[in-house]
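Written below as structure tokens is the structure these notes are about.
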Amino acid sequence: MPHVKIEPGYNTQQVLNYGYHYWDQMFNDRQLLALSILATGIKNLPTCPERDVLMLLFSGVLEFNNMFASYKGEGTGAVRHMFSHHILKPERMPLEANVWGTDKSSGSFLNLFQSRILRAVKYKEAPFEVSLDKTAKTKSGKKVFGLSSAIGADISPAYPINGLSEKSVYLSCGNSARTDIPDNSVDVVITDPPFFDNVHYAELADFFYVWQQLYFDEKDAFTDSTTRHPDEVQDADVNAFAQKLAAVFVECYRVLRESGLMIFSYHHSRNEGWLSVADAVFSSNFSFVQAQPVKAEMSVATPKSQASSPIDLDVFLVCRKRENDGRSYLTRDKAFEAAYSIASAKIKRFNGLGRKLSQNDIKVVFYSQLLVELSPGRSKTQFCADFEHLVEKAKGEIDSLWQRQAENQPEQESLHYQLALF
């Protein structure tokens, strides 16, 4: 059994406050027995890639088979996994699922093998894109095959001296602020930074780590007692988080070609979250050149349904090296006006789909556009000062944009409009 002590932390303190002190206390005896039998069976398989895949799948089974899981309802799977709200909080009425699975089970080994592993294998063999099906009575998406070849690549454990060959992949796990990728060798960096404050991923990941360490540590890959690390880009302090994120972005700047782009997804409800990412990008000598909001979150997810102003949007922030940003400088007031006008048009497009945005969604759209309009011709000090000033000024405009949504009636060709958003 993974009878390992839960160490204090931002997220783990939540469960410690409820009297849980060891990771195995999150399971009942029957779950511990079934999961141990399953883990032992996977461990005893011959060493091969298929065994590694089942090791990963085992972590998915853990998510759904513990005493922090709950009943979600019919339709999308009856079991709500323990991390549906990104916190460690015991349920008033937990749900014990079937670890092994039946034909119609939810969150079981059989169900997850079919829905995750087999689907991934099929997509690997026959990749597809999704297109609007104009022939159907009700507009819907259809799979389009044949646009990409089957996925397969040679994996390199170290960056090749002569660069990557066609269809080869360099896969590395380590500090993203220090890589062995050569200077000016990458066309595009695409990433998804963590939240700076309320979701400490390494603390939550220890729930899985203690099982992996107990059953699958044959190559001394799990020598540390925890996944937490001083260099992880996670901090409740906004300045510390900005510095850690900037260190990664500096490395992105180093490896990018002069014409390269750095693209990352982001959203946050707090002003500090936006100020930290603005500071990090300009500290690494990048400039925001485009912001594209997209529907990214499930509205029925637990954190969304419980929030007074939920965020359903992510924004893709596109950055290029600042010396290659040829746009003209805008005064602070002109930048604010431009951001308001463009954000208003983007919000209207969402409304045209029949989607009313929350105030925090509108904040995501407006703040991201402010970053774009303020970027040209400013030093880091001026940029951060102007952005902070306009963020404080923007509350009235955000309220106005939110209230004006009733005027933006849905358009007939809504799905065509939706595709245009991407």
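What follows draws every value from the coordinates through simple rules; no lab data is involved. Everything numeric here is computed off the predicted structure, so don't read it as measured data. Note: ideal-geometry Cβ built from the backbone for every residue, glycine included; neighbour counts use all protein chains shown.
Side notes on the structure shown:
- Percent of beta bridges antiparallel (DSSP, the chain, rounded to nearest 5): 75 percent
- Total charge dipole magnitude, the chain, about the Cα centre, Cβ charges on Lys, Arg, Asp, Glu only, Debye to nearest 20: 1300 debye
- Extending 7 Å from Cα along the Cβ direction at Glu407 and again at Asn239 yields two label points whose distance is 4.3 nm.
- Exposure proxy ranking, count of Cβ atoms within 10 Å, fewest first, for Tyr266, Tyr329, Tyr367: Tyr329, Tyr266, Tyr367
- Our estimate of slack between Ala221 and Tyr22, defined as 0.36 nm per intervening residue step minus the Cα-Cα distance, is 69.4 nm.
- Most to least packed among 338-344, 255-261 [average Cβ atoms within 10 Å]: 338-344, 255-261
- For the stretch 1-87, the list of GluC sites (Glu not before Pro) that fall in a loop by DSSP and count at most 11 other C-beta atoms within 10 angstrom reads Glu74.
- Separation in nanometres of the label points that stand 7 Å from Cα toward Cβ, at Tyr201 and Ala153: 1.8 nm
- Helix-derived mean residue ellipticity, 222 nm - over the chain, DSSP H n ≥ 4, -39500 (n - 2.57), to 500: -12000 deg cm²/dmol
- The stretch 109-159: trypsin sites (Lys or Arg not before Pro) falling in loop per DSSP and having at most 10 other Cβ within 10 Å: Lys134, Lys137
- Gain upon complete extension [Lys122, Ser165; 0.36 nm per residue less C-alpha separation]: 13.0 nm
- Under the combined filter of DSSP loop state and at most 16 neighbouring Cβ atoms within 10 Å, the stretch 337-413 retains these trypsin sites (Lys or Arg not before Pro): Lys356.
- Based on Cα contacts under 8 Å between residues 6+ apart, the stretch 12-124 shows a relative contact order of 24 percent.
- Length gained when the stretch Ser131-Met1 is fully extended (0.36 nm per residue, less Cα-Cα span): 42.0 nm
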